[in-house]
Amino acid sequence: MSHHDSPADESLPQQLLALQAENLKLRKINQALIERVEAGHVALHTGPAAPYAAFQHAAVLAEQVRERTAELSRAYDELRRSVRYSETLAESERWIRTITDHVPAMIAYLSAAGIYLFTNRGYDEFYGVPAGSLLNQTLDAAHGPQGAARLAPYVQQALSGDSAIFEIDEQNAAGEWRHLLKTYVPHRDELQQISGFFVLTRDITERKRTSEALRQANLHLEQRVAERTAALTALNQQLRDATAAAEQANQSKSQFLAAVSHDVLQPLNAARLFNGALLEQPLDQNQQQLAQSAGRALDDVGDLLRTLVDLSKLDAGQLQPDCSSIALGPLLAALASEFNAMASSKGLRFRAVATTVTVRTDPAWLARILRNLLTNALRYTPPGGAVLLGCRRRAAGLEIQVLDSGVGIAAEHLSLIFQEFQRLPQSRATDAGLGLGLAIVERLSRLLAHPLRVQSAPGRGSVFALQLPITTPLQQTPPAFLSVAESTGGTIWVIDNDHTICQAMTTLLASWGYQVYSGADATAFTGQEKPDLLIVDYHLADGLTGTVLAQQFTAQPGWSQLPVLMITANSQQQLAVELKQQGYQVLYKPVRPLQLKTLLRHLLERKVI
């Protein structure tokens, strides 16, 4: 705000001049009196009191001169302080104006009477008036009568002691309408009386336009989001419907394959058992080769059906691993015993390295993976070659390796071998596979979280390696996997409602030296002495299950420890868990004679122990 001198400040020079004139007058009088006193001795005869009166008058005049001199000094000091104060005010005003002129806002101050006492440069430029020309003017000078009338309610609010914040449209010096944000802040003096109000004005036109554009964009965006949401909702519904249909199709496919495989596996199981019994007979070399070829063909058909069912269950998410800590040595020993005979029949050298490591895995799934890898190795290794099953310790665990000296795999085919129905184009295998074994291996290893790697080169063989976590060794290693040996004899009951299966099983078991009795239900064994082992088909006639029949037998006094082997074509994981919990051993159709022979030896030896 501009500084204006007060009336007291304007009278100081005048008072100073008057005091100086009075002082000069008193000095003259004092000088005249002094001259008279000095001349008094000349006029001694004028009377005795005359000199004293003159001296007294001179003393009074001298005191008056002293007092006037002191007043003059005080007035002079006050004048100097007033000048310094005025200079300070002027310097402060220059600083305030310098600051406010560079603030990106319009600033003004009006008295309580509505008179402009201060405006910054931005305020003057917006309204197009010369700098300082609005001082001592009313609001009409900047806004006109109509504009001032629009602002009157807000002015009154500020003069009442309340700040007023509002938005208003006004024209600038160029005649453009601008949107302004105004703030009126009341100003109180030392006595807390309203002496005026400050005006802070900001041009928010661009911000208002941006806000409006943003609002329009948001409305448009909301509309688009609503449209996209509706489209996405419809698409999600279609996806859910398609997913439900796909899941239903997978379920139906699994059920269909399970039903078909059960019906097909029954005669296939009988054929495989008869073939096993045939191989136990004395045959010439040609007949032996024919019987072995027939057995391999039957095994391939069984593997195909079982693999198709397993793939459909994996796709439907119906299979989950049942992991536990197992001693790896017996499992590898059983696989080695099983595949050693197969390798010899193909003219291959087979070797397995023993191990004592304990790992955490699903033993059934691990056996399935390794069986598929070993079958592949035997299939794609020409006669005279070699296959090795062994283990290597790694930093992250134990690596089970299947190595062969077979035809090998080209680098461009490594990404294809784990897909369904993919077989090596350069294969020289004597019996072509189905292209499903490695697909099962890849999916099972992924579900088990067992990393699988393959290393191969054409003509140099292949290495398939599966990595497993190592765990603490078991206190006791259950003899779950034993090598094949000749039977020690024993009595076995075979219960199956299919007469052909009973006949085939009886023929095969009898060729191994067992005494066998067979029948469709419990009545067939009335009067018989207690057997050493029960072989029961899970699905019997009239909805009866093998577990119910087995429980009837084991419930008899002294029969609770009777070993039970359950034969089924149902490979559902839940069924396997239930049978395992009940203490039953399980084999899946079509039964492989070699597996059956190994398991019978194990069950009967455990019974003897």
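Quick notes
- The set of residues in region 499-537 that are more than 20 Å from Gln556 (Cα to Cα), open to solvent by 30 Å² or more (accessible area, probe 1.4 Å) and assigned to a loop (DSSP other than H, G, I, E, B) contains only Gly513.
- For region 344-360, the criterion of a residue being aliphatic (A, V, I, L, M) and within 18 Å of Leu438 (Cβ to Cβ) is satisfied by no position.
- Against the numbered list (1) surrounded by fewer than 19 Cβ atoms within 10 Å (Cβ to Cβ); (2) free of Cβ contacts under 8 Å to residues at least 12 places away in the same chain, Ala141 comes up short only at (2).
- Flag if Pro153 is under 30 Å from Gly114 (Cα atoms) and not in a strand (DSSP E or B): yes
- Residues of region 511-530 classified as free of Cβ contacts under 8 Å to residues at least 40 places away in the same chain and closer than 30 Å to Asn340 by Cα, total: 3
- For Gln192, the criteria (1) exposed (fewer than 15 other Cβ atoms within 10 Å of the Cβ); (2) assigned to a helix (DSSP H, G or I); (3) more than 57 Å from the chain's Cα centre (by Cα) hold in every case but one, which is (2).
- Within region 203-217, the residues that satisfy the criterion of being surrounded by 15 or more Cβ atoms within 10 Å (Cβ to Cβ) and charged (D, E, K, R) are Asp203, Lys208.
- Candidates Gln582, Gln595, filtered to the one that is under 30 Å from Met342 (Cβ atoms) and open to solvent by 50 Å² or more (accessible area, probe 1.4 Å): Gln595
- Only residues that are in a strand (DSSP E or B) and open to solvent by 60 Å² or more (accessible area, probe 1.4 Å) were counted across region 156-181, and they come to 5.
- Taking the numbered list (1) over 30 Å from Asp362 (Cβ atoms); (2) open to solvent by less than 30 Å² (accessible area, probe 1.4 Å); (3) modelled with pLDDT of 85 or more in turn, Gly489 passes all entries but (3).
- Per the listing Leu219, Leu180, the residue uniquely farther than 18 Å from Phe118 by Cβ and either more than 39 Å from the chain's Cα centre (by Cα) or small (Gly, Ala, Ser) (or both) is Leu180.
- Residue within region 257-270 that is at pLDDT 80 or above and of a type in the set (A, V, I, L, M) present: no
The values are calculated or read from the model by the stated rules, or taken from the named source; none is laboratory data. In this text the structure is predicted, and so the values were computed from the model without any measurement. Heads up, the Cβs are rebuilt from the backbone with ideal geometry, glycines too, and the neighbour counts pull from every protein chain shown. Surface areas here come from the heavy atoms of the whole protein model, side chains and all, with no ligands, DNA or RNA. Shrake-Rupley method; radii C 1.70, N 1.55, O 1.52, S 1.80 Å.
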